[in-house]
Amino acid sequence: MNLRKLSIDLFLYGINSVKPENLIPEKISLKNSHLQIEGDKYPLKKGIYVYGSGKASVEMAKALEEILLDYITDGTVVCNYTQKLKKIKVIEGSHPVPDEKSLKAGETLLKEISSLKEDDFFVYLLSGGSSALIEKPIPPITLKDLQITTQILLKHSVPIEEINIIRKHLSMIKGGRLGHSTKAKGIVLVISDVIGDDLFTIGSAPLYYDPSTYKDAYTILKKHNIFDDLPQNVKKVIEKGIKGEIKETPKKENPNIKHYIIGSNIDALKKIKEKAEKNIKTYIMTSQLKGEAREVAKAVASIGKEVKRSSNPFDPPVCLLFGGETTVTVKGNGKGGRNQELCLSALIEIKDTKNIVLLSGGTDGIDGNSEDAGAVIDSSSYEKAKKMGLDPYKYLENNDSNSFFTKIGDSIKTGYTGTNVMDITIMVIGG
């Protein structure tokens, strides 16, 4: 059994399983002029409007058109690239830092959704990346203020759930504000890119509601010692919000809107497990992997080495699956991302240990500031680096994992996948 090939095949299979073209037909059906999902039925006699935002929104819209084309009246989705669809307009926004396109996109969605009538029905397609792709800041916050704030939050590796609490309290459309702008009935189809599939966090919850407060946002910023670094307008809005001078985000869900999570990390892991077990015993270890990538790597690698050495807690050969999203505290000026950094750190631990393969990749196909999805390593990776005189410690300290794996030929390139359910880490331990 080629362990390296197996890990790559399983990773690609996992991504494919959560692509909208496969998820939408699996979850959505049309029968007797009714849209059906999870046992619920919605009449489409008047037609529907389709909106959306996120990295997967175009592919979700395309798949939905295949099922509901004759019933779609109009629609607009926002993605980080454009593509012509049959009935639904596509607007390009910016990710991971919002720009003028993101503001225009946010304004467009707010205008169109708020203008719907009480007897209208809409479907909103929500996926990861939405937070940056659509925006409408609370005055006097400017685009430049938002960009600086986003860059500060990313630089300090603030967890995504905390970043989105900040974002929601600077925005006129996040934290349920977009959902509370309409009288129409609707459903939200969600592909989750956050740990635990938390609807409060996915896309900064534009159509859900928000239990957090301006005080919470302030506490997070102070905890990370970055409040004083923020633009004056951002600090002003947060301070006014704490005083009650700016209205809080909605604390209750709009009763006319229902959310459905149609794809997530655990779904991908289950599909991988199902396929892998045709060849090798497989276990899902967690779909909630988080923490500093290089430290998480040490823990994952130690499990593999223990299995290899003592057959605990599993007898090899075995495949172990991990899902989630780690973080990287950037101190160097290299190129890479959390998955490649995890693999580089794990390589330092595994070194020349035979019959352990570790792969980690982003399901959206892009890892950090590189054009690769991730990397795959084993003892041959260590040998290649050694022969080429490459010191993995130096590359790790410079956050330059992509350069390292590009040189030894162990990076994984998929291109944009059209979906995003966080990261998948696969470790295969041979007998």
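What follows draws every value from the coordinates through simple rules; no lab data is involved. Because the structure is a prediction, the values reported are computed rather than measured. Virtual Cβ from ideal backbone geometry, glycine too; neighbours counted across all protein chains shown.
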P(r) of segment 145-245 over all Cα-Cα pairs, 5 Å bins starting at 0, rounded to whole percent, reads 2, 13, 23, 24, 19, 11, 6, 2, 0
Rounded to the nearest 5, the percent of DSSP beta bridges in segment 1-96 running antiparallel is 40 percent
With the 8 Å Cα cutoff and a minimum separation of six or more residues, the chain has a relative contact order in percent of 16 percent
Computed on Cα atoms, the radius of gyration and Dmax of segment 118-165 in angstrom are 14.2, 46
Relative to the compact-globule estimate 2.2 N^0.38 Å (N residues), the Cα gyration radius of segment 275-362 stands at a ratio of 1.12
Volume per residue (Å³) of the convex hull spanned by the alpha carbons of segment 157-200 is 73 Å³
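Take every Cα pair under 8 Å in segment 102-221 that's 6+ residues apart, average their separations, divide by the length, and report that relative contact order as a whole percent.
Relative contact order here is 37 percent.
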One finds the C-alpha centres of segment 182-201 and segment 357-421 to be spaced, in Å, by 32 Å
Taking Cα atoms only, helix 3-17 is inclined relative to the longest principal axis of the chain by an angle, in degrees rounded to 10, of 10 degrees
The equivalent-ellipsoid semi-axes of segment 1-151, taken as the square roots of five times the Cα gyration tensor eigenvalues and listed largest first in whole Å, are 28, 26, 11
quick shape note, segment 1-50: Cα extents on principal axes in Å, largest first -> 54, 21, 12
Computed over segment 247-315, the distribution of all Cα-Cα distances in 10 Å bins, rounded to whole %, is 14, 28, 29, 14, 11, 3
Between the alpha carbon centres of segment 258-301 and segment 117-137 the gap in Å comes to 28 Å
Projecting the Cα atoms of Ser115, Ala373, Thr406 onto the charge dipole of the chain, where Lys and Arg contribute +1 and Asp and Glu -1 at Cβ, the residue farthest towards the positive end is Ser115
Sorted largest first, the C-alpha extents of segment 300-431 along its principal axes in whole angstrom are 39, 37, 24
Simple SL model, points at 7 angstrom along Cα→Cβ for Met388 and Lys331; separation in nm is 2.4 nm
Once Lys46 and Asp229 are pulled to full extension, the length gained, defined as 0.36 nm per residue separation minus their Cα-Cα distance, is 60.8 nm
Here the Cα Rg-to-2.2 N^0.38 Å ratio for segment 304-349 is 1.50
Over all Cα pairs of segment 214-280, the Kirkwood radius sets Rh, and Rg/Rh then becomes 1.31
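As a check on your grasp of the helix formula, calculate [θ] at 222 nm for the chain: sum -39500 (n - 2.57) over DSSP H runs of n ≥ 4, divide by the residue count, round to the nearest 500. Each step should come with its number before you reach the end.
Numbers: 15 runs with 164 residues, N = 431.
That calculation yields -11500 deg cm²/dmol at 222 nm.
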Cα-Cα longer than 25 Å, checked against Lys136/Lys215; Lys87/Lys183; Lys101/Lys174; Lys155/Lys386, kept in input order, equals Lys155/Lys386
Here the Cα Rg-to-2.2 N^0.38 Å ratio for segment 29-116 is 1.15
If one compares the long axis through the Cα atoms of helix 57-68 with the longest principal axis of the Cα atoms of the chain, the angle in degrees, nearest 10, works out at 60 degrees
Expressed as a percent, the portion of alpha-carbon pairs in segment 185-234 spaced more than 15 Å apart is 60 percent
quick shape note, segment 358-431: Cα extents on principal axes in Å, largest first -> 37, 34, 18
If one compares the long axis through the Cα atoms of helix 143-155 with the longest principal axis of the Cα atoms of the chain, the angle in degrees, nearest 10, works out at 30 degrees
P(r) of the chain over all Cα-Cα pairs, 20 Å bins starting at 0, rounded to whole percent, reads 26, 53, 21, 0
Relative contact order as a percentage, segment 48-93, C-alpha pairs under 8 Å and 6+ apart, gives 40 percent
Those trypsin sites (Lys or Arg not before Pro) from segment 97-136 that are DSSP loop and have at most 12 other Cβ neighbours within 10 Å turn out to be Lys117
